[in-house]
Amino acid sequence: MSKGIITKVSGPLVIADGMRDANMYDVVRVSEERLIGEIIEIHEDRASIQVYEETSGLGTGEPVESTGEPLSVELGPGLITTIYDGIQRPLEKIKEETGNNLERGIEVPSLDRDKKWHFVPKVAVGDKVVAGDIVGTVQETEVVEHRIMVPPKSKGGTIKSIKEGDFTIEEVVAVLDSGEKIGLMQKWPVRIGRPYARKLDPDIPLITGQRVVDALFPLAKGGCAAIPGPFGSGKTVTQHQLAKWADAEIVVYIGCGERGNEMTDVLLEFPELIDPHTGKSLMERTVLIANTSDMPVAAREASVYTGITIAEYFRDMGYSVALMADSTSRWAEALREMSGRLEEMPGEEGYPAYLGSRIAQFYERAGRVISLGSDEREGALSAIGAVSPPGGDISEPVSQATLRIVKVYWGLDAALAYRRHFPAINWLTSYSLYVDKLGKWFNSEVAENWTTLRAKIMTLLSEEAELDEIVKMVGMDALSDADRLKMEAARSIREDFLHQVAFDPVDTYTSPKKMHYLMTLVVKFYEESVNALSRGASIKDIIELPVREAIGRFKYVKEDEIVAEYEKVDARLNSELADALAKEEDY
């Protein structure tokens, strides 16, 4: 164990001499108050330490002690429903000990050492196991079965002893013939990705129930998405919707440097939200990491690694995990702060030159994988990061570095949010590079013309944008009847299909089947109207068809009524267009 003394303090950066035996990324205890820090640079016996707590009052000559271990998280029963800070300290436990103020140097174990969990074995004495195999389960919450695995670095062996019963996380539940002991808890260093057997193609969608996402810009299970947008455009609201409705079994929500009131909203809302998949509180399958903007800046840097390591652990059990990072811009600000303190050569806008590689290291830990173990478990970790570019300008370095890595870009638009169009995802600037692969899934699992309908919708929306420029200059009357019909059809797509009311119990979530019916109606209205127009129907009569209101209300139809309602609206559309055509022919 290496011991040194402080020679310099510069905000969250502490320089210590006499640390020759220490290693990079070792956790250290700084000063008599035993503040938590991590070594981020070593020159001979001088170590630069990133301190994850407030450093005011520290002075030169105070002791620094290395623990000899990297920054690691404790993984075991008790993670779900817990609210941690950026370095996995349980905030509720700390509050019980110190009150509302987070005292410096406090040491509280991440997982409760006293609570007993009922362990049910899945293997028997004499069974052979390898790294990653599930040896038993613990019912962690009503909805999450915690699977106890052989640690990834284990050499495996034969089960010598295993028993059912109530255990604390530090007690041994199984022993291998090699003498290796298996407990309910593992530790894993946060900066190293957990191993897996192999990665799978991202060809299955993460169904979110949000129409603009699933129909136009889908995300694959195990994929990465970025949500950049200016203040007030709905990043947090969008992430809340995705956390609630995405078909992921576990949610890890990282509040990284966001304002305290935003994290308060999360902490208050998530326990109250009823999980639509289980009927229980959403917190029953959620881990929260709260690192607000008034907490020490260096802890932001650790919080995303803490979160993604916990997410990888549940992925290894065979779960689909959705990770929300809000926001990676604040994380990048912590990198910039530390880089400046280290006097490194700055890159663009003062960010470190390695900004892009650090963002890549984070997102590349997402993926759909076959986990370690002999039973071929499939798990997925989907990473969704909010980006908060100053003034909404996505040409800044963090946005650009993120967009070079992620394959889905949901660009939020303040103008749409101002018009109360939510989700405020701009359909002209957003994109998904998974469209072709996931299109095959939608065509085979939902409807064979899914990709055709999507292409028609995207074409109408882009043509509307071009016509809108003409309308702004010379007015709607300058357009031909065919172009006016395009504008009306695009308006129907925007208002009836893309606009979604998060607070409506029916409209908040749309199944792919219902989505397809709605897409069919809005596209059929346009195509049949074009046909009627070419045969002499009046544009005024087409625009004023009463059935258009029924198409707009279709999104509020309950799931078990959609087929009957679709057939009724479809019949009305055919009938009213025929009437509009007959009216002109009679005339």
For a Förster distance of 41 Å, can you work out the FRET efficiency between the beta-carbons of Arg419 and Asp201, rounded to the nearest 0.05?
0.60
At 1.4 Å probe size, with the rest of the protein present, what percent of the exposed accessible area of the range 148-262 is carbon and sulfur atoms?
52
How much accessible surface area, in Å² rounded to 10, belongs to the heavy atoms of Arg484 with a 1.4 Å probe?
80
Å² of accessible area per residue within the range 304-457, as computed with a 1.4 Å probe and no ligands counted
38
Distance cut-off 24 Å, Cα to Cα: go down the list Lys244/Lys440; Lys115/Lys221; Lys221/Lys244 and report the pairs above it.
Lys244/Lys440; Lys115/Lys221
Please report the spacing between the Cα centers of the range 338-415 and the range 252-300 in Å, no decimals.
20
Between Glu544 and Ser10, the two model label points (7 Å from Cα along the beta-carbon direction) sit apart by a distance in nm of 7.4
If I model a spin label at Ser534 and Lys155 as a point 7 Å from the Cα along the Cα→Cβ vector, what separation in nanometres do I get?
7.5
Taking placed amide H atoms and a strict 5 Å upper bound, the residues 5 or more places from Glu62 or on another chain that come that close are Ile6
Which angle between 0 and 90 degrees, to the nearest 10, do you get for helix 450-474 versus the longest principal axis of the chain when only C-alpha atoms count?
70
When the helices in the chain are scored as -39500 (n - 2.57) per DSSP H run of 4 or longer and the sum is shared across all residues, what 222 nm value do you end up with, to the nearest 500 deg cm²/dmol?
-10500 deg cm²/dmol
If you count only protein heavy atoms and use a 1.4 Å probe, how large is the accessible surface of Ser395, to the nearest 10 Å²?
70
Once label points are set 7 Å from the Cα along Cα→Cβ at both Val474 and Ala353, what is their separation, rounded to one decimal in nm?
5.5
Share of antiparallel DSSP beta bridges in the chain, in percent to the nearest 5?
70
Amide H of Asp85: which non-local residues (sequence gap of 5 or more, or other chain) have their own amide H closer than 5 Å, using H built in the peptide plane?
Leu91, Ala290
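Figure the gain on full extension for Glu92 and Ile40 (residue separation times 0.36 nm, minus the Cα-Cα span) and round it to one decimal in nm.
Extra length available between Glu92 and Ile40 comes to 15.8 nm.
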To the nearest 10 degrees, how steep is helix 328-341 against the longest Cα principal axis of the chain, on a 0 to 90 scale?
40
Before I look further, what does the range 176-277 give for accessible area per residue, probe 1.4 Å, in whole square angstrom?
34
Would you please give the FRET efficiency between Ala578 and Ala482, computed as 1/(1 + (r/R0)^6) with r the Cβ-Cβ distance and R0 = 25 Å, to the nearest 0.05?
0.80
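Carbon-plus-sulfur fraction of the accessible area of the range 447-575, 1.4 Å probe, in percent?
Working: 3180 of 6180 Å².
With neighbouring chains kept in place, the figure for the range 447-575 is 51 percent.
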Set the Förster distance to 35 Å, then compute FRET efficiency between Tyr431 and Ala571 from the Cβ-Cβ distance, nearest 0.05.
0.45
Ordering of 535-547, 68-80 by burial proxy (mean other Cβ atoms within 10 Å per residue, highest first)
68-80, 535-547
Rounded to a whole %, the carbon-and-sulfur portion of the accessible area of the range 1-74 at a 1.4 Å probe is 45
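The values are calculated or read from the model by the stated rules, or taken from the named source; none is laboratory data. Everything numeric in this text was worked out from a predicted model, so none of it was measured. When we count neighbours, we look across all protein chains shown, and the Cβ atoms used for this are built from the backbone with ideal geometry, even at glycine. To get the accessible areas, we keep the full protein, side chains included, count just its heavy atoms, and leave off ligands, DNA and RNA. Shrake-Rupley method; radii C 1.70, N 1.55, O 1.52, S 1.80 Å.
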